[in-house]
Amino acid sequence: MTSDADTVIQTTGLTKRFGGVDAVNGIDFQVRHGDVYGFLGPNGSGKTTTIRLLLGLISPTRGGCSIFGEPVLPGAAALRCVGALVERPAFYPYLSAVDNLLLYAAARGIDRDRATRLVGPALERVGLTEAARRKLAGYSTGMRQRLGIGTALLDGPELIVLDEPTNGLDPGGVVEVRQLIASLAREGATIFLSSHVLTEVEQLCDRVAILVRGRIVSEGSTRDMLGEGERLFLRFETGDEAGRAATLLNQRDIAFERLDDAPALLVSAPASEGARVNRLLGEAGLYPGELSVRRPSLESVFLELTGDRAVEPTASAPDAPAAPATVT
Amino acid sequence: MSGFLRADWIRFRHRRDVLVIALALPVLAVVGYASGLTSSGNQFSFDPDFSPPPEILAAMAAERQRFAFPQSVLTLLGSTGIGLLALVYLAVATVGDEIGWSTIRLSLLASSDRRRFLASRFVALGVVTAWIVGSLFVLGVVLPFAAKALGADLPTAPAIDALGTVGYVASILLVAASALSFGILVALLTRSGPAALVVAVIYTLVEAAFGSLPIWQRDDLLAWLPTLLFTTASAALLDQANRAAAAVRPFEELIGSPPPEQPLPHVLSIQAGMLVVLAWGALFLTAAFLRMRRMDIPE
Ligand SMILES: Nc1ncnc2c1ncn2[C@@H]1O[C@H](COP(=O)(O)OP(=O)(O)OP(=O)(O)O)[C@@H](O)[C@H]1O
Ligand SMILES: [Mg+2]
């Protein structure tokens, strides 16, 4: 993997072993300037561990990582340009939200005047203005999470690392945070987002890595990852027509799957092949009543890769955005 | 580091235990002074006809002199014993809680310079130490005059040894710094405030038990070994330095009888004691910094 001025995060063979467990096992990835990079994986797959390694909170057993081209070591200057939320955010329970933020700003080397100017808008952005003077001991999980996000964004860092930011938030909060991330991305920040909420990643991230048991099993642009699983859905009037279409596709060595409960076929071909398949069928006098593109959701790709469950990208999947391509 | 210090100022200013200790110790010292002064004068007042033997009267007069200026300064500083325990508690609690609450992450995410984080905490605790020692010193100067103004009958006290007093204050600060380093190290090792407190107490007990093993008495050279232990050396140093500063004569001299024949106790000289305590402090602090540099923060 090459590294250049555009590279914000780079890991090489990054490995962390806890006792006998390889929490992170030789992972390589690269996050470039302006990326919104999704980091997915089931529970215990090593997302938080990777983030801790990236932030220098724990040291790797093997391999390493660099941020803005600088190796991550305690005291690395590059870490100053990073704002992060790691797992459940931790705050001083006996301090108010304002004081917690002022403390963070002070430790970050931000002078008092600038810190005072930053705190108000930061709290406002995460909807905590009214609770600003309340002690953290009395904060709910969601309020803490909001403050954690506010802290990560306090001084407009160049790289924002968010570990499951919408955890514990109410539906309104989830939408707000999603909009917040989108607006940060538009402003040009590089965002590394670990999440369980796949629709969120699908909507926000241009690149995705899927982590399973400490290894990256898939990495690439979100579009490519979803494009790979695209299929054409063909519905015919009768089972007989469907049977003839199946024979035809067999002859042309085009992979497909016949559905049991309907006179329909699922052809393993991307949307761009839709016209060709349609023409082929037309030449044989077969006109499907419906031809549409079935895109897998990130969820189905994720579940397939993580081996939790083989999920069929069917039309009934509620979050599978099925975009009709051509209808005859 | 000023940023971390400012952060520590926010932390400490709002921490109840820091405030309680910083305010309670001077108050306790005032109460101790007042009760000591009162009781030193009226031990026998319940029986006006009774006249105690002259050596007892001499001892009582000497005792009362401890509350008059300038001896009062040393008397007040002598109450730092509990202050030192309080400091170890503060070191252990403020560092242990950072890990226990995971708030150390907040600091290290703000700035990943772990050395500065620890150095700043050490300095912040040093400021609390200076406040405690300074306030006891000032009270030692002020209280005798206040007592006189309130009508207390104070004798004139013998002068204190200037150099000895400087040495005493230096010893207190040295012991305090080493105790802080000890507390910080234990907290980093145990990763929790309460656990660190328990370990610190157990360490002290184990050290005392270890130091009093009969094996040390077998040989004159071996007998020096326990005096090199951290708490033993610290306690001995404070005691010796206090005596040197007060320029006190032995009690036997006061009551006019020759000292009884007994083997010389094994006590380090003040200079040797300072070196030993300094060595322990440096060891604890170095270990704490190494631990901080290497340790994973999965909290
Ligand atoms: N401090 C630790 N000591 C021992 N094992 C650990 C430690 N931290 C993490 N692990 C192990 O490493 C693995 C990865 O954990 P990690 O927290 O990185 O997962 P995750 O992907 O963030 O999971 P989740 O989605 O539940 O947050 C798990 O098996 C976990 O048990
Ligand atoms: Mg996690």
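A few points about this structure:
- Crossing angle, helix A:141-153 versus chain A [Cα axis fit, 0-90 degrees, rounded to tens]: 80
- Candidate residues A:Phe68, A:Phe39: accessible-area rank, largest first, probe 1.4 Å: A:Phe68, A:Phe39
- The long axis of helix A:239-251 is offset from the longest Cα principal axis of chain A by roughly 80 degrees.
- Length-normalised contact order for chain A - Cα pairs under 8 Å, 6+ apart - percent: 17
- Whole-angstrom gap from the range A:1-55 to the range B:134-179, using each part's C-alpha centre: 60
- The DSSP beta bridges internal to the protein assembly as shown are antiparallel in roughly 65% of cases.
- This model, with +1 at the C-beta of Lys and Arg and -1 at the C-beta of Asp and Glu, gives the range A:230-294 a dipole about its Cα centre of some 200 debye.
- Distant-in-sequence amide contacts of A:Asn25, defined by a placed amide H-H separation under 5 Å and a gap of 5 or more residues or a different chain, comprise A:Lys16, A:Arg215.
- Each peptide in A:263-270, A:293-300 gets a packing score, the mean of other Cβ atoms within 10 Å over its residues, and the list from highest to lowest is A:293-300, A:263-270.
- For chain B, averaging the sequence separation of C-alpha pairs within contact (under 8 Å, six or more residues apart) and dividing by the residue count gives a relative contact order of 26 percent.
- Test item: A:71-79 mean partner chain Cβ contacts at 10 Å: 4
- Relative to the longest principal axis of the Cα atoms of chain A, the long axis of helix A:274-283 lies at roughly 10 degrees.
- Residue among A:Pro121, A:Val301, A:Leu234 farthest towards the positive dipole end of chain A, charges placed on Cβ: A:Pro121
- Given +1 at the Cβ of Lys and Arg, -1 at the Cβ of Asp and Glu and no other charges, the dipole of the range B:82-159 around its Cα centre is 280 debye to the nearest 20.
- Counting only other chain Cβ atoms within 10 Å of each residue's Cβ, the peptide A:54-61 averages 4.
- Shielding value for B:4-16 is 5, the average number of Cβ atoms from other chains within 10 Å of each residue's Cβ.
- Only one residue of A:Pro263, B:Val123, A:Val175 has its Cα farthest out toward the positive end of the dipole of the protein assembly as shown, where Lys and Arg carry +1 and Asp and Glu -1 on Cβ, and that residue is B:Val123.
- Once all protein chains are placed together, A:Cys65 keeps about 20 Å² accessible to a 1.4 angstrom probe.
- When all protein chains stay in place and ligands, DNA and RNA are ignored, the 1.4 Å accessible-area order of B:Thr38, B:Thr232, A:Thr7, largest first, is B:Thr38, B:Thr232, A:Thr7.
- The range A:46-199, dipole about Cα centre (Lys/Arg Cβ +1, Asp/Glu Cβ -1), debye to the nearest 20: 240
- Span-like helix ranges in chain B, DSSP H, alpha carbon extent 30 angstrom or more, Kyte mean at least 1.0: B:16-41, B:114-149, B:162-190, B:270-294
- Three-way shape label, the range A:28-75, alpha-carbon gyration tensor, a/c 1.5: oblate
- Taking amide H atoms as placed 1.01 Å from N in the peptide plane, the amide H of A:Ser195 lies under 5 Å from those of A:Phe39, A:Gly41, A:Glu164, each 5 or more residues away in sequence or on another chain.
- The protection proxy used here, the mean number of other Cβ atoms lying within 10 Å of each residue, ranks peptides B:201-211, A:233-243 as follows, highest first: A:233-243, B:201-211.
- In Å², nearest 10: area of A:Asp22 left accessible to a 1.4 Å probe: 50
- Cross-link partners of A:Lys16 among aspartates and glutamates (Cα-Cα below 19 Å; sequence separation of 8 or more within a chain): A:Asp28, A:Glu87, A:Asp163, B:Asp296, B:Glu299
- Euclidean distance of C-alpha centroids, the range A:170-229 and the range A:112-153, integer Å: 24
- Taken over the range A:230-294, the alpha-carbon convex hull comes to 72 cubic angstrom per residue.
- Among A:Thr151, A:Ile210, A:Ala23 the positive-end extreme of the charge dipole of chain A (Cβ point charges): A:Thr151
- Those aspartates and glutamates that a straight Cα-Cα span of less than 19 Å connects to A:Lys135, excepting residues fewer than 8 apart in one chain: A:Asp99, A:Glu124, B:Asp8, B:Asp17, B:Asp97, B:Glu98
- When all protein chains stay in place and ligands, DNA and RNA are ignored, the 1.4 Å accessible-area order of B:Trp224, B:Trp9, B:Trp280, largest first, is B:Trp9, B:Trp224, B:Trp280.
- Computed FRET value (nearest 0.05) for A:Thr116 with A:Tyr94, which takes r as the C-beta separation and R₀ as 22 Å: 0.60
The values are calculated or read from the model by the stated rules, or taken from the named source; none is laboratory data. Being a predicted model, the structure only gives us computed values, none of them experimental. Here the Cβ is made from the backbone with ideal geometry for all residues, glycine too, and neighbour counts use every protein chain on show. Accessible surface areas use protein heavy atoms only, side chains included; no ligands, DNA or RNA. Shrake-Rupley method; radii C 1.70, N 1.55, O 1.52, S 1.80 Å.
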